[in-house]
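Comments concern the structure below.
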Amino acid sequence: MFDPFLSELTTSLEQRGGQTVEVPEGLAECQSAKNKSTIKSWLWQVPGFRRWRVTRLDAGESLQVLNSVAYPDYNHDHPLMGVDLLWFGARKKLVAVLDFQPLKQDQAYLDRHFQGLKSLNAQFPDLNGEETMRSFDPNQYFSPWLLFCRGGAEQANQSLPEAFSAFLNCYWDLHDQASQQPSMMSSDEVKNLQVAYDIYSAERDPAHGLFTSHFGKSWSDRFLQDFLFPASSQSTSN
């Protein structure tokens, strides 16, 4: 289901000078005990970003997942990029979240960085549903214009591919624009806010239970702490 999206993302990263780097030992790939599901992850080094991770879970007809988060360098104050796509094949259900995840929620920050995503939100009405996410506070680390959908095959096959491509291009445009402007925050403040994002996300990540059900608690705990949100063990400074 999501292999074309993974291929498009990989090509985009390579075109931007990205190179894969080593994933912590034992976390690059794992198969479930009954070999019914496989999870693979990649860590990218990309100019302008301190970390870009990608994960693909293939559990056949029961579940398909693509997840990615991009962390800009600390000298850039623009949002993180978050992608979370889930397809439950037996029920023909799609859950899609595409967002520029803000470091701050104040109006000046949103005005500075979110004009492109705001336009995308209006362009794809199938992906701007009013239903809120169940595991997160939508007013913290999510933007008012995220592309979010609990849909079906129509959205998965028609709306999502076009929206995904437009979303990636829009984020690259945001990054290019932000890179040409002085940051409105110090690098220390950006670092603290990115660490706070990892701490917040590690405490609430709904995928942890899903990974545990497929790959066991021990592996999934380490995957959460050492790959998904490695800064969650740090403390932000005052």
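Only Cα pairs under 8 Å and 6+ residues apart enter the sum, and on that basis the relative contact order of the chain stands at 16 percent. Cα-Cα over 21 Å: which of LYS93/LYS217; LYS34/LYS217; LYS40/LYS118; LYS36/LYS92? Long pairs (Cα-Cα over 21 Å): LYS93/LYS217; LYS40/LYS118. Here r is the Cβ-Cβ distance between GLU25 and VAL95 and R0 is 35 Å; the resulting FRET efficiency, rounded to 0.05, is 0.70. Within the straight-line cut-off of under 22 Å between alpha carbons, the lysines reachable from LYS191 are LYS104, sequence neighbours fewer than 8 places apart in one chain being disregarded. Each Lys and Arg contributes +1 and each Asp and Glu -1, all at the Cβ; summed about the Cα centre of the stretch 3-232, the dipole is approximately 560 debye. Computed over the stretch 63-202, relative contact order equals 28 percent, with contacts defined as Cα pairs under 8 Å that lie 6+ residues apart.
For ARG16 and SER62, a Förster radius of 25 Å and the Cβ-Cβ distance give a FRET efficiency of 0.15, rounded to the nearest 0.05. Its relative contact order, with pairs defined as Cα atoms under 8 Å and 6+ residues apart, puts the stretch 1-106 at 17 percent. Between LYS93 and PHE88, the built amide H atoms are under 5 Å apart, and every one of these is 5 or more places off in sequence or on another chain.
Readers should treat all values here as calculations from the given coordinates under stated rules, not as data from a laboratory. Model, not experiment: these values are computed from the prediction. As a convention, Cβ positions derive from the backbone with ideal geometry for all residues, glycine included, and neighbour counts pool all protein chains shown.
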